[in-house]
Amino acid sequence: MRKAMATGILLGIFVFVSYLPAQLCFRGKTRPGCSWFLITEFGALAKISQRSAGPYHQIITWECGLMRNLDEGNALGAALYASFSRQSEVYGGFKLRYRRWLGQSWSLESGAGLAWRLNYPESGTHITGHIGLNYKDYVILTGQIDYMEEAVAYLGIRTGALPGAVAVLVSAAALGVRYLLSRISS
């Protein structure tokens, strides 16, 4: 069921991207210079909620997606989401995204969606959400709340555009090598 849903979402994104107008930007910009832009974010966050018993003190996050500038001040879109903890917990899902442009360089952004624990599928559906202050998609100060068994709050930093895309690719390659080495040594 989850594989079919993920495949359907990816297929929908690729079909949708094929119909995009010529103003597709790699880095988010306001209208009229950019109608559509990509989300390629990579971040590191640390747990700040002291009362929660959640074991994940630091997480790494990825988000890849697409946003559309609705007008000069607002953008709406969606992204695929993944997070990884030091304890090898892997979550994946999707988020709906909103961005409010504060000028050419600054924006406020938010996102919320559903995530599933990929290395333990029976754990059920979880909720994730974030808010951030974004400077040109290069530096994004982020607060995130994940509700798994209980709410856990994180604070951290993300990067997007080309640095985010490079970080996503490098970390995916490193995780792939780690996975292969763990399978070989077993």
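Where a number appears in this text, it was derived from the coordinates with a stated rule and is not lab data. What you are looking at is a predicted structure, and each value in this text was computed from that prediction instead of being measured. Quick reminder, even Gly has a Cβ in these numbers, built from the backbone with ideal geometry, and neighbours come from all protein chains shown.
Quick notes
- For segment 40-122, a Kirkwood radius taken over Cα pairs fed into Stokes-Einstein (4 °C, viscosity 1.567 mPa s) yields D = 91 µm²/s.
- Ordering of 137-143, 41-47 by burial proxy (mean other Cβ atoms within 10 Å per residue, highest first): 41-47, 137-143
- Cβ-based net charge around residue 78, under 11 Å, with every Lys or Arg adding one and every Asp or Glu removing one: +2
- Rel. contact order, % - alpha carbon contacts under 8 angstrom, at least six apart, the chain: 18 percent
- Under a 5 Å amide H cut-off, with hydrogens placed 1.01 Å from N, residue 102 pairs with 107, 108 among residues at least 5 apart or on other chains.
- Across the chain: Cys residues that no other cysteine approaches within a C-beta distance under 4.7 Å: 64
- Principal-axis analysis of the Cα atoms of the chain puts helix 161-185 at an angle of about 20° to the longest axis.
- For peptides 101-114, 157-170, sequence by mean Cβ density within 10 Å, most packed first: 157-170, 101-114
- The Cα-based radius of gyration of the chain, divided by its Kirkwood radius, gives an Rg/Rh of 0.98.
- Relative to the longest principal axis of the Cα atoms of the chain, the long axis of helix 2-18 lies at roughly 20 degrees.
- Size descriptors for segment 81-186, from the alpha-carbon set: Rg then Dmax equal 15.6, 53 Å.
- Distance between the modelled labels on residue 145 and residue 177, one decimal in nanometres: 3.9 nm (7 Å Cα→Cβ projection).
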